[in-house]
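Take a look at the structure below.
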Amino acid sequence: MTTATPTKRNLALFDLDHTLLAGDSDFEWPRFLIKRGILDAAQYDERNSYFYRQYQNGTLDMQEYLAFILAPLTRFSRHQLDELHADYLENHIKPLIPAKARQRLAAHAAEGDQIVIITATNRFITGPIARDLGVEHLIAIELEEDADGNFTGRPTGVLSFKEGKITRIEQWLAERGESWDSYAASYFYSDSHNDLPLMKLVDKPVAVDPDDKLRAYAEEHGWPVISLRD
């Protein structure tokens, strides 16, 4: 009797901000804290916008940005942060999740694909969002904790940003005893030219509501350009 060879499934990688979300979860977090009266608008809005412009231009100093964006986390216990995040998710993030994004995730799930969100935003912000989207596997910037489990304001490990996303997904595969060859095909959905290193590596890059630089590159190389906005 001949034993059938199991069919390989696909690997479907998704960026989060401006891809599955119609907005940026890292950008929205300080705005949420300002609305709650926790941060000063004059101090944070200008600085937040400054870093966001750097990101769009491809010139973001990630270490400098993380020192800024993670500082407020050190002011609260994990319990307090979790309570804040529940409000943030419900009132700031869920309205930014388009039905088409959920549908695209569901389509890959229906095919039996392995779905992973890979993002340059930290795990505290993105973990509950990934769970709301029904995605088990998340690769995000990891945060250092003190002996009591509270955040120190510093990242740890390889940052999942630009080429770092390649390092992190390959680490994730290795931890599972897998490689790129373990999958029939690999997809990566993203909006940003900052993700070009990983997009060039996968079999099927998909530009989602892309910025101008990514749109130009995608069109030049014949990549699909789609919208997940409702």
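Which condition does L138 not pass, out of (1) closer than 26 Å to N48 by Cα; (2) touching a residue at least 24 places away in the same chain (Cβ under 8 Å); (3) not in a helix (DSSP H, G or I), if it passes all the others?
(2)
Please state which of the following conditions I93 fails to meet, knowing it meets all the rest: (1) out of contact with any Gly (no Cβ under 9 Å at 6 or more places or on another chain); (2) surrounded by 12 or more Cβ atoms within 10 Å (Cβ to Cβ).
That leaves (1) as the condition not met.
Are there any pairs with C-beta distances below 8 angstrom linking a residue in region 75-96 that is in a helix (DSSP H, G or I) to a residue that is open to solvent by 80 Å² or more (accessible area, probe 1.4 Å), with the two at least 6 apart or on different chains, and if so which?
Between residues of region 75-96 that are in a helix (DSSP H, G or I) and residues that are open to solvent by 80 Å² or more (accessible area, probe 1.4 Å), the close pairs are L84/R36; D87/R36; H92/R31.
Take R9 and tell me if it is at negative phi, out of contact with any Asp or Glu (no Cβ under 7 Å at 6 or more places or on another chain) and among the basic types (K, R).
Criteria not met by R9.
Checking the condition more than 26 Å from R102 (Cβ to Cβ) and touching a strand residue (DSSP E or B) at 6+ places or on another chain (Cβ under 9 Å), which residue from L138, L133, L159 passes?
L159
Among the numbered criteria (1) touching a Phe, Trp or Tyr at 6+ places or on another chain (Cβ under 8 Å); (2) of a type in the set (S, T, Y); (3) surrounded by fewer than 19 Cβ atoms within 10 Å (Cβ to Cβ), which one does Y50 miss?
The number of the failed condition is (1).
Considering region 177-230 alone, what residues qualify as being open to solvent by 60 Å² or more (accessible area, probe 1.4 Å) and either of a type in the set (V, I, T) or at pLDDT below 95 (or both)?
Correct list: D230 only.
Restricting to region 117-171, count the residues that are among the hydroxyl-bearing types (S, T, Y) and surrounded by fewer than 21 Cβ atoms within 10 Å (Cβ to Cβ).
So the answer is 3.
Which one of the conditions (1) modelled with pLDDT under 95; (2) open to solvent by less than 70 Å² (accessible area, probe 1.4 Å) does P98 fail to meet, given that it meets all the rest?
(1)
The values are calculated or read from the model by the stated rules, or taken from the named source; none is laboratory data. Keep in mind it's a predicted model, so treat the numbers as computed, not measured. Quick reminder, even Gly has a Cβ in these numbers, built from the backbone with ideal geometry, and neighbours come from all protein chains shown. Note: accessible area is taken over every heavy atom of the protein model, side chains too, but ligands, DNA and RNA are not part of it. Shrake-Rupley method; radii C 1.70, N 1.55, O 1.52, S 1.80 Å.
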